Amino acid sequence: MDSIFSPPLHRQRHQFVIDFVKRNKPKKVVDLGCSECSLLQKLKFHREIELLVGVDIDGANIKKKMHGLAPMSTDYLQPSYDQLRIELYQGSVTQEDARLRGFDLVTSIELIEHLTLADVKRFSEVVFGYMTPVAVIVSTPNSEFNPLFPRPAGFRHSDHKFEWTRAEFKSWALKVCLEYGYEVEFTGVGQAPPGQQERVGFCSQIGVFHWLGGRQECNMLFGDDAEDVFSYTLLYSINYPSLHDNNILQRVLVSEVLYWAEKMKRNWIEERTGERDDTYTLCPAEGEGEECLRASERHMEMEDKQTVYLTAACGAEMKNPGEHQESELFWTNGEGQQESCKLRRCVSVPLAVLWSCCPKLSALSGSLSNLRHVLMDNPEVKLSQDGSAVLLNDQEQDLEEEEEDHDDLEDSGYAVCSHGAEPEEDWEKNV
Ligand code: SAM
C-alpha cells in the first residue's frame, strides 16, 4: 500500500513527527506502539530530546531491532553536551505506568485501530487523563480514502478492529479534548489524487493535541500522593555519552591535551633539527596558530635552558637540574640517601600554551585551573612538579633507543623480522 505514495506513507507519518519535534523541541518523547522502533531510530538524532521512550505490547517485536538504538562509535569519539537516554518497555497502552507521566510529546502512530473500542476508551484515559503530556500526535487510517486503493473492500490490515471516517475520528478526538482539557488540530499525510483531496481527505488522518494547561500546571498534577504504578517491563535502556558525564569529559580533555602537546613537541623538535614543514599550523583559527606556535616555541626553549630534562622519578628532588645531557644525575630519595639514575629527557609543554592554542580545550575545561585539576588526577598525563606543564618523552631519544634495541638484536645473531612472520624456507634448493 505504501508504494503508491512517494515518499512511502509510513515515512511521511514519521516525517510529520520529526517536523513537529524540530518545531517544538520536546525534551521527553514516548512513542506508543513503537513496534520495531523505526520512528525511535530517527528521533534519536534529534538531540533536543533528552529522554526517548518506546512502548509496545509485543516485546519480541521491540527486541528485533532495539540494539540499533545503541550509540554509534562517533557518539563515543566526539561526545557532545547533549544528554540522551533511551528506554524501551513492553506494556499495554491500556495500563498506567508512572514512568510515562509528564512527557512533552506522546506519539501514537497507526496504533489505536489495533485496539477494541473499549480499549480505545482506556487508551484515552491513560494517555490524556493519566500521562497528561503537553502534546499528543495520533495517526490512524482514514476509511474514506480506502475506495481509492485498487483492492477488495475491507480493512487495510487483518489486525485492525476498526477504521474511522474523518467524522468518527473527529468525534472521538473532540470528546477527549472536552474530558481532559486539550485542543486538537486535524491534518494528515498521503495526499489524494488531484481534485479528490477534499472529498476523501488524507490516507492517514492525524490529530495533534495540545494540553490547555501548559507544562508547569501539568507537572503540578504529579503530587507525592499520586500512587506510583509500574506495570511495564523495561527491556532496554541506554545513556548516550555526554560531556555532562565527568568521566567522559575527563577522557576527552586528556586525549585533546595529549594530542596537542604531542603535536607541539614534534613541531618544536622538527624546528630544532631544521625539518619543519613551513605550512604546519597548530591552531585551527587562521593567524592565531602561528602566534600560538611562536609562543609555545619561546616557552619551550626557555624551559629547555632550565629544566627540560626532567626525570622518570618525578617527585624526587633533583640535585643537578642544570645538567643538559642525558647523564647520571643524583637526587635524594625520601630517606635522604643519594641514588643515581639515567634520566630521560622530557619536553615540557606549558598548560597555558595548550589552553590558549586549543579552543576546544578552553571551551571544555572553562579555566586553566580546572584543566590542571583534571589532569593532575589522570595517570595518562605526566605533569611537571608545579603542575604548570605537560611532560612528554623526547621523541629523538625514543628513536635513538629504538635504534639501539635494533642493533642489540642484530648483534645477538637473530634476524629481525616482522611480528608473526614465518621464517622463510629456502625451498628453491629442493626443486
Ligand atoms: N507505530 C509503528 C510505526 O509507526 O512504525 C507501527 C505500529 S503497528 C501498525 C501497531 C503496533 O501497536 C504493533 O507493534 C502492536 O504490537 C502495537 N500494539 C497493539 N496493541 C497494543 C497495546 N495495547 N499496547 C501497546 N502496543 C500495542
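A few remarks follow.
- Leading residue at positive end of dipole, the range 1-71 (Cβ point charges), from 17, 30, 49: 49
- Computed extension gain for residue 370 through residue 210, at 0.36 nm per residue and net of the alpha carbon distance, reaches 53.2 nm.
- Sequence of 13, 47, 151 from largest to smallest accessible area, 1.4 Å probe: 151, 47, 13
- Accessible heavy-atom area order of 137, 57, highest first, probe of 1.4 Å: 57, 137
- For residue 80, nonlocal amide neighbours, meaning residues 5 or more places apart or on other chains whose placed amide H falls under 5 Å from its own, are 243.
- Measuring between alpha carbons in the structure, the pairs from 65/170; 65/360; 265/360; 360/382 lying more than 27 angstrom apart are 65/170; 65/360.
- Surface accessible to a 1.4 Å probe, residue 40 within the full protein complex, Å²: 0 Å²
- Accessible area (Å², 1.4 Å probe, nearest 10) - residue 251: 110 Å²
- For residue 237 and residue 24, the difference between the fully extended length at 0.36 nm per residue and the C-alpha to C-alpha distance is 74.2 nm.
- Here the accessible area is traced with a 1.4 Å probe on the protein chains. For the range 2-239, carbon and sulfur cover 53 percent of it.
- Two-site FRET efficiency, residue 377 against residue 47, from Cβ-Cβ distance with R₀ of 45 Å, rounded to 0.05: 0.95
- For the range 47-62, 3J(HN,Hα) per residue [Karplus equation, 6.51 cos²θ - 1.76 cosθ + 1.60, θ = phi - 60°, Hz, x = Gly/Pro]: 6, 5, 6, 9, 10, 10, 10, x, 10, 8, 6, 9, x, 5, 4, 4
- Computed E for residue 82/residue 270 - FRET, C-beta separation, R0 41 angstrom, nearest 0.05: 0.60
- A 1.4 Å probe over all protein chains sorts 4, 248 by accessible area into 4, 248, starting with the largest.
- Residues residue 247 and residue 168, FRET efficiency given R0 of 51 Å [Cβ-Cβ distance, rounded to 0.05]: 0.45
- Summing charges over all other residues whose Cβ lies under 10 Å from the Cβ of residue 188, with Lys and Arg as +1 and Asp and Glu as -1, gives +2.
- In the assembled protein chains, residue 208 presents an accessible area of approximately 10 Å² (probe radius 1.4 Å).
The values are calculated or read from the model by the stated rules, or taken from the named source; none is laboratory data. These numbers were taken from a predicted model, which means no experiment stands behind them. Please note: Cβ atoms are built from the backbone with ideal geometry, for glycine as well, and neighbour counts cover all protein chains shown. We work out accessible area using only protein heavy atoms, side chains counted, and drop any ligands, DNA or RNA first. Shrake-Rupley method; radii C 1.70, N 1.55, O 1.52, S 1.80 Å.
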